[in-house]
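Structure first, commentary second.
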Amino acid sequence: MANEAVKYVWEGAIPLQINLHKSEVASHPAPPPALVLAPRIGYLPLLIPLIKPYFKDSLPPGEDSIWFDYKGVPLKWYIPTGVLFDLLCAEPERPWNLTIHFRGYPTNILIPCEGEDSVKWNFVNSLKEAQYIINGNCKNVMNMSQSDQEDLWTSVMNGDLDAYTRLSPKLKMATIEDEFSRKASLSSPQSRQGVTETDGAGQNKTARIPVRLYVRSINQNFENLEDVPEMDTWDDISYLNRPVEFLREEGKCFTLRNAIESLLPEFIGDRAQTSGEERSKDGGTEEAEAEGLPEMGEIKLARIQGIEMKLEIPFSWVVNNLMNPEFYLHISVLVKAPQR
Amino acid sequence: MNSAGAVSDGRLTAEDFSVAARAFADKWKTHNQSFPPWSWVPLINRTLLLSNQQAEGYLSLEKSIILSSLEESPEDESLHLATECSEKEESVDHAILVQNQENEAHYYDFHLVYSASYKVPVLYFRGYCSDGQPLSLDVIKKDLPSCSVSLLAESKWTFITQEEHPYLNRPWFKLHPCGTEDWIKLLSQSSISAGCQMPVELYLVSWFSVVGQVVGLRIPLEMLN
């Protein structure tokens, strides 16, 4: 019953090439890298059973505490794999080269991971938070039977969209609909529940949407993504876990741009523009500089589920089709910082 | 939430939180002088200058040295804190010197952070030794009042959990916000103010009077006026 876009999202995967950190290679010759296809909506620790066999004969003695890094940046296991890739690789790298460690877990930076249980707890917690944002309470998640919760989690772990589609209506998540998103709801019609604030037409006037925004801000101008400097540390990213207030106004479309700008107010303004679109119209930044005006910040790129988004897309469509199974929309944004 | 300056559904807007936070910090400073004061940390991010229109930030109380309650008085499990009578008045460090059972100083940082998702404040904390090494939950438990410890034992995943600090990219411990609005509403109903409303300025004070006890921080009754 799920629509095509959602199927596309669930089938999205990233080829990984995983090397054992050289300090942990205790065999000769060193083991070749593991090649694994990682679901975008999944999490790295869930891949460990697939990866470990490649390296178990090469490890030094001792207990395992597994973590991954990309070019020295420890990877946060609680962020979906697809989001990590979209964020850390400005220019997508295929396969994505990661390093795996079995020792020396960086406990001062990463929360400990006790395997699948930790990942599941993180998922359920995010789901509760998302439900609280959408419905105003998380009682549906709390009231779900233990076995239903298990089955829901298993469907996500296995990438089983059919099972997920059967179970998720039990969450009774309110959907947002406007004239721009008519075809696109994830839940089946019978299970749709409105929230309290509805107007006469039975649609929501205001709604809160769970969004996790990851912002990478670059100080210099760049034309190609290859020119974006590499990320050294998570301090290079601003993370905003903040709901978007979805506004429905008569005749006006609330776009992805509106949503992002509501979270990043300093990028609003008639001079805020995506590269290329408005420059051709009025001569662009050279004119602005000639007038002695400060250069505004720019949203250079917004990526969701690996797709480079056109910012004028109706936000309701984006939410209904591109959100993750825990009902959060993860948006990776590359901005050019405003010059002051 | 209806009239300006009052909360009736247990939840806060971001602006309310800023107001409530400053009121809390002021009252704390006035009535709780055995403790160092809370400071307001504005959210000015390295990579992104968040606009001042909401004056966003969080409250921070750092480097408190905690004494775990001793065996003899299980009923009175508030933190025993004594102001150190120091001859060196020029010392800027407000640390209150008390030893714990291992004769090793445990330092605690507390942050009161607004959750935009749940629209309530959330308590984050972490513990560390004098060399900066973070304390594990097992060690921290020895510093907590015993009623917190039994609650923790009953629900591993839903009470105190270790999560990433919303702004600092480091693991902190967090007290779960689910249910906060319900007991704040109960507090509002029994408050002296008219109807079921709680003035914004008192929100954090009331909230902390409950939440602080989990980590052994009591506030004097005068703060609730």
Residue selected from the range A:1-47 under the condition touching a residue at least 60 places away in the same chain (Cβ under 8 Å) and of a type in the set (Lys, Arg), by the criterion farthest from A:LYS76 (Cα to Cα): A:LYS7
In the range A:86-99, is there at least one residue being open to solvent by less than 20 Å² (accessible area, probe 1.4 Å) and within 14 Å of chain B (Cβ to nearest Cβ)? yes
How many residues, within the range A:116-147, are surrounded by 14 or more Cβ atoms within 10 Å (Cβ to Cβ) and either away from chain B (no Cβ under 12 Å) or touching a residue at least 12 places away in the same chain (Cβ under 8 Å) (or both)? 20
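Conditions tested, residue by residue: (1) in contact with a helix residue (DSSP H, G or I) (Cβ under 6 Å, 6 or more places away or on another chain); (2) farther than 29 Å from A:GLU245 by Cβ; (3) in a helix (DSSP H, G or I).
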{"site": "A:GLY42", "(1), (2), (3)": "yes, yes, no"}
{"site": "A:LEU50", "(1), (2), (3)": "no, yes, yes"}
{"site": "A:PHE68", "(1), (2), (3)": "yes, yes, no"}
{"site": "A:ASN108", "(1), (2), (3)": "no, yes, no"}
{"site": "A:CYS113", "(1), (2), (3)": "yes, yes, no"}
{"site": "A:TRP121", "(1), (2), (3)": "no, no, yes"}
{"site": "A:ILE133", "(1), (2), (3)": "no, no, yes"}
Is at least one residue of the range A:15-34 in a helix (DSSP H, G or I) and charged (D, E, K, R)? yes
How about the range B:10-41: which of its residues are surrounded by fewer than 14 Cβ atoms within 10 Å (Cβ to Cβ) and at pLDDT below 85? B:GLN33, B:SER34
Failed criterion for A:LYS172 (all others in (1) away from chain B (no Cβ under 14 Å); (2) over 23 Å from A:ARG40 (Cβ atoms); (3) surrounded by 19 or more Cβ atoms within 10 Å (Cβ to Cβ) hold): (3)
Restricting to the range A:296-340, count the residues that are within 16 Å of the chain's Cα centre (by Cα), under 30 Å from A:TYR164 (Cβ atoms) and of a type outside the set (Phe, Trp, Tyr). 23
Scan the range A:77-85 and give yes if some residue there is open to solvent by 20 Å² or more (accessible area, probe 1.4 Å), under 20 Å from the mean Cα position of the chain (by Cα) and within 14 Å of another protein chain (Cβ to nearest Cβ), otherwise no. yes
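The values are calculated or read from the model by the stated rules, or taken from the named source; none is laboratory data. From a predicted model like this one, the values you see are computed outputs, not experimental measurements. Quick reminder, even Gly has a Cβ in these numbers, built from the backbone with ideal geometry, and neighbours come from all protein chains shown. Only protein heavy atoms, including side chains, enter the accessible area calculation; ligands, DNA and RNA are left aside. Shrake-Rupley method; radii C 1.70, N 1.55, O 1.52, S 1.80 Å.
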